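The values are calculated or read from the model by the stated rules, or taken from the named source; none is laboratory data. All figures in this text were calculated on a predicted structure; none of them were measured in a lab. Cβ placement follows ideal geometry from the backbone for every residue including glycine, while neighbour counts extend to all protein chains displayed. For accessibility, only protein heavy atoms count, side chains too; no ligands or nucleic acids. Shrake-Rupley method; radii C 1.70, N 1.55, O 1.52, S 1.80 Å.
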Amino acid sequence: MTSEKEMTFEMAMKELESIVEKLEQGDVEIEKALEYYQKGMELSKICTNKLTHVQEKMVQIMNEQGETLPFEVQED
Amino acid sequence: MIERYLTVTALTRYIKRKLDTDKHLRTIWLKGEISNFKHHNRGHMYMTIKDQQTRIRAVMFAGNNRFLKFMPEDGMQVLIKGEVSVFEAAGQYQLYIHSMEPDGVGELYLAYEQLKNKLEIKGYFNKEYKKPLPPYPKHIGVITSPTGAAVRDIITTIKRRYPIAQITLIPTLVQGPTASESIKRAIELANKQKDFDVLIVGRGGGSIEELWSFNDEVVVKAIFHSNIPIISAVGHETDTTLADFVADLRAPTPTGAAELAVPSSKQLLEKTNALKNQLNQLLDHQITQYQTVLNRLKNAYAFRYPEHLMRQKEQELDKLIEQLNKLNLQSSQQIQQSFIQLENRLRRSFPKRQFEQAINNYVTLNNRLQKLMTKYMEDKKESLHIMIDKLMLLNPLGVLKRGFSVAYTKDNKIIKKSEQVELNDQISVRISDALLTCQVLNKEEEKNDIGKRDDF
């Protein structure tokens, strides 16, 4: 399984949605349902973490050679 | 004064010189309507400029018309700067157009309309070419001027809404003659990096001239050919550039573009929570359902009265055991019976009589053999005695008993003739009860052979 670090927000969200969908369809074995539930809770935690505990991303500026440098927005 | 005849050429040249030296005709500003427009395939443009009363032939050479920002058409009202001269070969005066722009509607607007038409026909704005935007972009490229309100609005909006995303600014000029090339290069650079999920291309508001680069065919084509989805954000809501038409999504303002580019973290959190709640409910529901099934099963007859089930099974078991035993007994009896039968058969067929007969035969035969043998032996004994008696009669030794003797040479030959011995030879003489060793002392031959019967 992909660890939390490797998993992108998009992947986590998509998987969470698909798990909810699977559970919605019903007729899931109880063991499987519990497994889905557990996984779903993990994923929702990953999503929440990714959205709330954000490291401030530096804005970059790219020159014509495709090299990037930090960029500060000029306030006027 | 002598009458002199001019040649047509001379006259035409004279007129041309007259016209060419008139300083008013060197630079003229003319207003009129285009008709008979022809764009020669070598690049020159031929047309007639007219008003209600009259007309003038006009030419605009390729060297001049390539700077035109619009394509002349018949019926178009134009403002012309040019000069008048004579085209000698045709003997016609005509207008040489240096520059021309549409009258009435603005030149830029006309150019815009024409380019838009052209690109539309070519399919640049077709819906099927629009790329879908990624729902959760990780890396957003912003192609605009590094200074000004637009870049600030875009960056702050993205950071506020969706701080997970990485923002990279690719700075460009956004107005002036080289802006369109600059924008095109930035789009191409972003595509080369292969790292962007979405691009925002735009600038803040301005006059139509200031926004003009975003109507440039070069920019339109660069946006069209981009593999990365592009959101356009040029000027304010009322300004619509060709870049907006060709972009995968048009945003009314730079801030709007940022909002369209990224989802809102807040909404996503709400969505995540909603999904979580849904999960809880679904699991509850699932468990309740299983509980119901379980309860139903628990109340089932078999579980409530298990002893009934047991009794029934016990009974069935007894019946089966009984059957089994019966079967067992039957089959062992059968086996025993057939064994007895076989034994009887065996007994019946035991060869005792043959044995007895054989023994009888044997005894009889044996007795006969004995008798025959004894008789045979007696017969033989008797004949042997006879033979022995006969033999006794014939035995030379018997003769010896009667007084005869036999002489033998040294080499044990019976001496029958005198020549067999020499004087002084040792000879053996057998008499009835001894063997004598003798010496021949004398030999006296006799004429009449008394011993004619050699065999005796």
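Hey, can you rank B:356-367, B:21-32, B:190-201 by average C-beta count inside 10 Å, highest first?
Result, highest mean first: B:190-201, B:21-32, B:356-367.
For segment B:400-439, what percent of Cα pairs sit more than 10 Å apart?
Roughly 68 percent, once rounded to a whole number.
For segment B:163-218 and segment A:20-76, compute the distance between their C-alpha centroids and round to whole Å.
Here the answer is 28 Å between Cα centres.
Top to bottom by accessible area (1.4 Å), largest first, where do B:Phe245, A:Phe9 land?
If we order B:Phe245, A:Phe9 from most to least accessible, we get B:Phe245, A:Phe9.
Can you pull the one-decimal nm distance between simple spin-label points at B:His44 and B:Arg296, each 7 Å off the Cα toward Cβ?
A separation of 9.6 nm, rounded to one decimal place.
Hey, what do the phi angles of segment B:283-296 turn into as Karplus ³J(HN,Hα) couplings, whole Hz, using 6.51/-1.76/1.60 and θ = phi - 60°, x for Gly and Pro?
In residue order, the calculated couplings are 5, 3, 4, 4, 5, 4, 4, 5, 4, 4, 4, 4, 4, 4 Hz.
With every protein chain kept in place and ligands, DNA and RNA left out, what is the accessible area per residue of chain B? Probe 1.4 Å, answer in Å².
Per-residue value: 70 Å².
With r defined as the distance between the Cβ atoms of B:Leu19 and B:Gln53 and R0 fixed at 25 Å, what FRET efficiency is calculated, to the nearest 0.05?
Efficiency, rounded to the nearest 0.05: 0.75.
So who's got an amide H within less than 5 Å of the one on B:Ile143, skipping anything under 5 residues away but keeping other chains? H placed 1.01 Å off N, in plane.
Those lying under 5 Å, H to H, from B:Ile143 are B:Ile170, B:Ile200, B:Val201, B:Gly202.
Report the label-to-label distance for B:Asp389 and B:Lys416 in nanometres (one decimal), using points 7 Å from each Cα along the Cα→Cβ vector.
Placing both labels 7 Å beyond Cα along the Cβ direction yields 3.1 nm.
Calculate, for B:Leu365 and B:Phe339, the FRET efficiency according to 1/(1 + (r/R0)^6) with r their C-beta to C-beta distance and R0 45 Å; round to the nearest 0.05.
Computed FRET efficiency for B:Leu365 and B:Phe339: 0.65.
Can you tell me the dipole magnitude for chain B around its Cα centre, using point charges on the Cβ only (Lys, Arg +1; Asp, Glu -1), in Debye to the nearest 20?
Its charge dipole is roughly 940 debye.
So which lysines can A:Lys14 reach, going by Cα to Cα under 21 Å and dropping same-chain residues fewer than 8 places off?
A:Lys5, A:Lys22, A:Lys32, A:Lys39, A:Lys45, A:Lys50, B:Lys131, B:Lys138, B:Lys266, B:Lys271, B:Lys276
Taking every eigenvalue of the Cα gyration tensor of chain B, multiplying by 5 and rooting it, what semi-axes result, largest first, whole Å? Could you put the intermediate results ahead of the total?
Working: eigenvalues 5179, 694, 126 Å².
Semi-axes (√(5λ), whole Å): 161, 59, 25.
Return the FRET efficiency for the residue pair B:Tyr109, B:Glu3: r is the Cβ-Cβ distance, R0 is 45 Å, and the value is rounded to the nearest 0.05.
Efficiency computed from Cβ-Cβ geometry: 0.15.
Roughly how many percent of the accessible protein surface of segment A:9-70 is carbon and sulfur, given a 1.4 Å probe and a whole-percent answer?
Carbon with sulfur: 49 percent of the solvent-accessible area.
Counting only pairs 8 or more places apart or on different chains, how many lysine pairs in segment B:1-105 have C-alpha atoms closer than 18 Å?
8
Between segment B:111-129 and segment B:16-79, how many Å separate their Cα centres?
If you average the Cα positions of each part, the centres end up 29 Å apart.
Calculate, axis by axis, the spread of Cα positions in segment B:11-161 along the three principal axes, and write the results as whole Å, longest axis first.
Sorted from largest, the Cα extents of segment B:11-161 read 80, 35, 30 Å.
I need the GluC sites (Glu not before Pro) found in segment B:14-120, filtered to DSSP loop residues with at most 14 other beta carbons within 10 Å of theirs.
B:Glu73
Taking 7 Å along the Cα-to-C-beta vector as the label spot, tell me the B:Gln92-B:Ser207 distance in nanometres, rounded to one decimal.
For B:Gln92 paired with B:Ser207, the spin-label model returns 4.0 nm.
Would you rank B:Leu329, B:Leu115 by solvent-accessible area, highest first, keeping every protein chain in place and using a 1.4 Å probe?
B:Leu329, B:Leu115
Cα to Cα, under 27 Å, and not fewer than 8 places away if on the same chain: which lysines meet these conditions relative to B:Lys313?
Cross-link targets: B:Lys298, B:Lys326.
Kindly identify segment B:38-126 as rounded, prolate or oblate by the Cα gyration tensor criterion: order the square roots of the eigenvalues as a ≥ b ≥ c, call it rounded if a/c is under 1.5, otherwise compare a/b with b/c, prolate if a/b is larger, else oblate.
On the way: a/c = 2.50, a/b = 1.84, b/c = 1.36.
Prolate, since a/c reaches 1.5 and a/b exceeds b/c.
Just want to confirm a number: the relative contact order over chain B, from Cα pairs under 8 angstrom separated by 6+ residues, in percent.
8 percent.
Mind grabbing the interface size between B and A? I mean buried accessible area, both sides, 1.4 Å probe, in Å² to the nearest hundred.
3700 Å²
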